[in-house]
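Below is one structure, written out as structure tokens; the observations come after it.
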Amino acid sequence: MKRIVLIVAALAALVNAASAAPVLCASASASYYVATYNSLANACQVGDKLFYNFNYSGTAIGAGLIGVDGSLVNVVGDSSNPNEPGLIFSSNAWTLTSTNVDHGILDLDSSIAFTVQTIDNSARITDASLDFTGAFSVSGVAGADIAERVSPNGTPPALSFHVDSTGPVSTTVFFANPVSLVTVSKDLVVIIPANAIGSATITSFREGFSENAPEPVGTVLIGSGLLVMGLFRRRLCK
């Protein structure tokens with residue numbers, strides 16, 4: 001009987017661990033992410049990945065332009081591809097339009113950074129992807145670009161890649177070896193050169209990381225529960 005009590009206690013500990021899992025990455029502003037998911041202890045979860053250490057800033061070049069504030073950018077966890085959980089960033093403020101040739105350079109630049117880590121700290125992240133297919137538009141003389149740097153295990157040198165309105169619009173960088181943690185920083189830019197007519201808009205982009213999920217906690221609990229029931233029944237039959 002003592003053995004059964006110990007097994008039941010272990011199951012209770014597993015249940016408590018499962019109930020204390022991080023919150024799912026909410027649909028909220030970038031400002032909220034910076035203030036709320038600011039450490040591993042306060043990370044949010046998508047799939048088997050934790051996201052934290054968010055930073056955001058917006059700057060602008062050009063008369064009358066103001067950098068896009070974090071309150072105008074929405075972030076949400078996306079698990080639509082179970083093999084590549086990630087985040088979607090979106091805003092209606094990443095847009096520029098020029099209808100005359102009497103102006104200097106026009107530029108909106110947003111810098112975004114965060115850390116992603118496997119929930120059990122095991123080395124299962126093998127790549128990072130970036131995609132803004134169908135989520136940008138450019139006309140005339142203008143450009144839209146997202147440049148990214150990722151550091152496997154958070155150590156240099158960082159790997160650099162980008163998506164651009166002239167192509168590619170989606171890309172993936174692969175790591176030499178699977179890792180448990182990646183630090184990410186990116187610069188989003190919409191730009192119109194001086195004295196040019198055109199428009200540039202980025203409405204959203206997706207950041208994804210490969211998934212190699214461990215056995216779900218629920219499956220482990222069910223299997224362990226069946227084991228306890230079997231042991232208990234066996235003890236009663238003796």
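Listed values, structure above:
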read-out	value
The one condition in (1) at pLDDT below 95; (2) within 19 Å of Ser79 (Cα to Cα); (3) not small (Gly, Ala, Ser) that Tyr37 fails to fulfil	(1)
Subset of the range 104-136 [out of contact with any helix residue (DSSP H, G or I) (no Cβ under 9 Å at 6 or more places or on another chain), crowded, with 23+ Cβ neighbours inside 10 Å and small (Gly, Ala, Ser)]	Ala128
Every pair of residues 6+ apart whose Cβ atoms lie under 6 Å, when the first sits in the range 152-173 and is more than 12 Å from Ser129 (Cβ to Cβ) while the second is charged (D, E, K, R)	Ala158/Arg149; Ser160/Arg149; Asp164/Asp145
Flag for Ser139 being surrounded by fewer than 16 Cβ atoms within 10 Å (Cβ to Cβ) and part of a strand (DSSP E or B)	yes
Residues of the range 125-158 classified as of a type in the set (Gly, Ala, Ser) and within 20 Å of the chain's Cα centre (by Cα), total	8
Count - residues of the range 80-89 that are of a type in the set (S, T, N, Q) and either crowded, with 17+ Cβ neighbours inside 10 Å or touching a residue at least 40 places away in the same chain (Cβ under 8 Å) (or both)	2
Checklist (1) at pLDDT below 95; (2) part of a strand (DSSP E or B) applied to Leu130, failing item	(1)
Wholly enclosed strands (runs of 3 or more DSSP E) of the range 149-238 bearing at least 3 residues modelled with pLDDT of 50 or more and over 20 Å from Gln117 (Cβ atoms)	159-164, 181-192, 198-202
Some residue of the range 43-56 being touching a strand residue (DSSP E or B) at 6+ places or on another chain (Cβ under 9 Å), modelled with pLDDT under 95 and either surrounded by 15 or more Cβ atoms within 10 Å (Cβ to Cβ) or not acidic (Asp, Glu) (or both)	yes
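Rundown of residues vs (1) hydrophobic (A, V, I, L, M, F, W, C); (2) in a loop (DSSP other than H, G, I, E, B); (3) within 24 Å of Ser165 (Cβ to Cβ); (4) within 11 Å of the chain's Cα centre (by Cα), yes/no style:
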| position | (1), (2), (3), (4) |
| --- | --- |
| Asn55 | no, no, no, no |
| Gly67 | no, yes, yes, no |
| Val101 | yes, yes, yes, no |
| Ala123 | yes, yes, no, no |
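The values are calculated or read from the model by the stated rules, or taken from the named source; none is laboratory data. Keep in mind the model is a prediction, meaning the values are calculated, not measured. Heads up, the Cβs are rebuilt from the backbone with ideal geometry, glycines too, and the neighbour counts pull from every protein chain shown.
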